[in-house]
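Report on the structure given below.
The values are calculated or read from the model by the stated rules, or taken from the named source; none is laboratory data. Note that the coordinates shown come from a computational prediction; the quantities given were computed from them, not determined experimentally. Because the Cβ atoms are built from the backbone with ideal geometry, glycine has one as well, and the counts that use them run over all protein chains shown. The area values use the complete protein model at the heavy-atom level, side chains included, leaving out ligands, DNA and RNA. Shrake-Rupley method; radii C 1.70, N 1.55, O 1.52, S 1.80 Å.
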Amino acid sequence: MSQHGLELYVPRQHKAYAKKMLKEEWNYECAYCGIKERHKELTLDHIIPIKKGGDDSYSNLIPACRSCNLSKGHSGVRQWYFDHEEYSTERWLKIKNHMNRKTEDVFAA
């Protein structure tokens, strides 16, 4: 994750909270393969890579195990995930729903 991107979309004081919240929302499981990880071992992945026009918005970040994060790299999520041996229709729908969220909705009081 870029050093300066997340604070453009998530208020600076909520940056650490946003990371924790993402992992909690996914029950500390990799969004792609479903493996459960400890909080510090779970990474955040850009669903749409920065190099492909993605950003650091809440809806473009998703918890991923290191294996899936490294395997996906800069690939587009749709093709990579459909070819992924751990593909799950249920997880794919959850990923799509997550991508449609707006940051301001997540942090609304």
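Of note:
- Per-region count, segment 27-53, residues surrounded by 19 or more Cβ atoms within 10 Å (Cβ to Cβ) and without any contact (Cβ under 8 Å) to a residue 24 or more places away in the chain: 1
- Per the listing Y9, Y58, the residue uniquely touching a helix residue (DSSP H, G or I) at 6+ places or on another chain (Cβ under 8 Å), open to solvent by 30 Å² or more (accessible area, probe 1.4 Å) and at pLDDT below 90 is Y9.
- Residues of segment 61-103 that are open to solvent by less than 80 Å² (accessible area, probe 1.4 Å), under 23 Å from A16 (Cα atoms) and in contact with a strand residue (DSSP E or B) (Cβ under 9 Å, 6 or more places away or on another chain): L61, I62, P63, A64, C65, C68, N69, I95, H98, M99.
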